[in-house]
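The values are calculated or read from the model by the stated rules, or taken from the named source; none is laboratory data. What you see is a predicted model; the values in this text were computed from it and never measured. Every residue, glycine among them, receives a Cβ derived from its backbone with ideal geometry; neighbour counts consider all protein chains shown. Each accessible area value is taken on the protein alone, full model and side chains, heavy atoms only, with ligands, DNA and RNA left out. Shrake-Rupley method; radii C 1.70, N 1.55, O 1.52, S 1.80 Å.
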There are 2 protein chains.
Amino acid sequence: MIHTATARAHANIAFIKYWGNRDEELRLPENSSLSMNLDGLYTETTVIWNDAQKENSLVLNNQPQLGQALERVVKHLDNLRKYVPSLPNYANVISTNNFPMGAGIASSASSFAALTLASISAANITLSERTLSTLARLGSGSASRSIPTGFVEWHRGDDHESSYAETIASPDYWDLVDIIVVVSDSHKKVGSTEGHQSARTSDLQEGRLKHVDNRLKICKEALLNRDFESFSEVIEEDSNLMHSVMMTSRPPLFYWQPASVAIMQQVKQWRQDGLRVCYTLDAGPNVHCICVRKDVPEVIKQLKTLSAILDIRVASAGSGAYIVQSDEVNSQ
Amino acid sequence: MIHTATARAHANIAFIKYWGNRDEELRLPENSSLSMNLDGLYTETTVIWNDAQKENSLVLNNQPQLGQALERVVKHLDNLRKYVPSLPNYANVISTNNFPMGAGIASSASSFAALTLASISAANITLSERTLSTLARLGSGSASRSIPTGFVEWHRGDDHESSYAETIASPDYWDLVDIIVVVSDSHKKVGSTEGHQSARTSDLQEGRLKHVDNRLKICKEALLNRDFESFSEVIEEDSNLMHSVMMTSRPPLFYWQPASVAIMQQVKQWRQDGLRVCYTLDAGPNVHCICVRKDVPEVIKQLKTLSAILDIRVASAGSGAYIVQSDEVNSQ
């Protein structure tokens, strides 16, 4: 019997950032974080469990993968099996991002969320959203946040079971939009896994963590009150705190490009001039400009006056991970 | 009797930065700092004490000044009189910078160093360099560092008397050069006095201060050993730490411009490629590229390939503050 399932999970943008782990192996984060799933930007992953074969395979965006990419997937399947021992031993994994790699959108969150859900479903097992979120976290910390729908809080927790994400508001609660301004399409030199490990080498990580619970509280309240002004201030501060830690790590991680700085400064100026928009940057140079839906045309109009912009993508709040298809196929 | 003296003091560039005060009134800094005086970039100030008049005057770069600029000078003269009660009551102050305002070089250090020395000398008083440094500090913290010659350490100290700067190496000890890359000539929106007061509003200031004594020790040793590699790493880290504090203060102080970031990233790339150059930025967008004299032509050649550069100035290590002229004039 061959078991197969296809799952879809969205990318997410963090408003209160995750940077640094207390436990690298379990990816238990130093702090709780808060994010929005990004509608229309997803990974679709099919897992075919088949113990008639004696090795795993991975096809990513139509390209068969060996080496590091395959190893990371196999490691995740092995991790899943620790918690769900009934999982079969060998899988074929076929995964596609509907957004280009290097489009300024991290793909590890959506990839490991989709892989987790597809792997469990293909084995005909049903787990709670909370458990799925803890399992996705083992592959990529931020993948835990791509399991629940809409606006999501990832509780840092004390151990594997208590470190999971859950919905704090549905996608339609507030019509926030992420306008992703792509200023570089080159693949980042230092991946996030390595980056998280370097967070503690910065003298500033402790200071970033000191009031992060308070920032998360302010951000959550601003979100629930649809208070754009408070929301803007706290997410920009939190983004700047994370990049400060990055730039003062050893070696320094400098994700900001000149164009990133130009856009950040313009966004602040536009907001002073009355346009309700704010920014946040993940571990990359692309700027996520956040505003409500009705302000999207004006923000895009303003952005188009700037140089050095390669592409602009727009995403509203998206759903959680879900099954697209699930089958049992009799092997031939 | 009219007493007059003219003093000259150089601007300086900090390698280990001063940011934030323990005592705003006395300008006792949170941490010790280390700098190099900048040869050829100076303020020349004449003080004419004349108690026949009943008010003070200030002429700055040939423009008579009223308002804030005059007030700050009068406040400094009042401060000097607290420690040197024999100073007369009224002065005419004539001050000229030989570098343009807004050339990316802070003028408060050289201005208050020159004003202090000229005020004391015009009253026919001789004070030790250490005492002059403490007095200059009252006008502008970094002015304490423009009193001694060459490479200078400002000891944070515990009180007025113990917070002074002294020479750690003469100007010819190491042929370091500051290549000042001017990317903006607009006057900064937030002055340093106000900025120092905001340092404590950043969650990162504590982390910046945690190992600053160690960074100063490393920087001083690198300087004394003419070890460019250690020197580069520690001054770039220290500059990034200060700007991290600035960018996460409330409200955030964003001195970096897109061109500042472009130059910082290029400098790191050039150093990886074997060119011995590093960067530091004061509270402004202009980038100070530091190298030894023989590498100046190559650094300038590389800089000229970049866009958005308004001007380039070159300064080697300069002397301390000194008297240009001192007279007693019989009043008519």
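Here is how the numbers come out for the structure above:
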| item | result |
| --- | --- |
| Residue A:58 long-range amide H proximity, modeled H, under 5 Å | A:65, A:93 |
| Chains A and B, summed buried accessible surface - 1.4 Å probe, Å², nearest 100 | 2300 |
| Computed over the stretch A:176-316: relative contact order in percent, which uses C-alpha pairs under 8 Å that are six or more apart | 44 |
| Fraction in percent of alpha-carbon pairs per bin - 20 Å, the protein assembly as shown | 18, 42, 27, 10, 2, 0 |
| Relative packing of peptides A:92-99, A:260-267 - highest average C-beta neighbours within 10 Å first | A:260-267, A:92-99 |
| Residue among B:74, B:165, B:131 farthest towards the positive dipole end of the stretch B:2-172, charges placed on Cβ | B:74 |
| Spin-label model distance (nm) - residue B:213 vs residue A:186, 7 Å beyond Cα toward Cβ | 4.1 |
| Built amide H within the under 5 Å cut-off of residue A:319, gap 5+ | A:150 |
| Chain B, relative contact order in percent, only Cα pairs under 8 angstrom and at least six apart counted | 27 |
| For the stretch A:2-172, alpha-carbon Rg over 2.2 N^0.38 Å | 0.96 |
| At 7 Å out from Cα toward Cβ: residue B:98 inter-copy label distances (nm, ascending) | 6.7 |
| The stretch B:176-316: radius of gyration over Cα atoms, expressed as a fraction of 2.2 N^0.38 Å | 1.06 |
| Carbon plus sulfur fraction of accessible area for the protein assembly as shown, probe 1.4 Å, in percent | 48 |
| ³J(HN,Hα) computed for each position of the stretch A:49-55 - Karplus, 6.51 cos²θ - 1.76 cosθ + 1.60, integer Hz, glycine/proline x | 6, 7, 7, 6, 9, 10, 8 |
| Chain A: most fluctuating residue of A:13, A:125, A:48 per GNM, C-alpha cutoff 10 Å | A:125 |
| Per-residue average of Cβ from other chains inside 10 Å of B:193-206 | 3 |
| Mean accessible surface per residue for the stretch B:176-316, computed with a 1.4 Å probe while every protein chain stays in place, in Å² | 41 |
| Inter-chain Cβ neighbour average for residues B:251-263, partner chain, 10 Å | 4 |
| For residue A:324, label point 7 Å along C-beta direction: distances to other copies, nm | 7.6 |
| Inter-copy spacing of residue B:211 label points, which lie 7 Å from Cα along Cα→Cβ, given in nm from shortest upward | 2.4 |
| Over the stretch A:2-172, relative contact order from alpha-carbon pairs under 8 Å, at least 6 apart, % | 29 |
| Qualifying GluC sites (Glu not before Pro) in the stretch B:38-117, DSSP loop, other Cβ atoms within 10 Å at most 12 | B:55 |
| P(r) weight above 24 Å for chain A, C-alpha pairs, percent | 53 |
| Accessible area in square angstrom per residue, the stretch B:40-164, 1.4 angstrom probe | 39 |
| Mean Cβ neighbour count within 10 Å, used as a protection proxy, ranking A:286-294, B:158-166 highest first | A:286-294, B:158-166 |
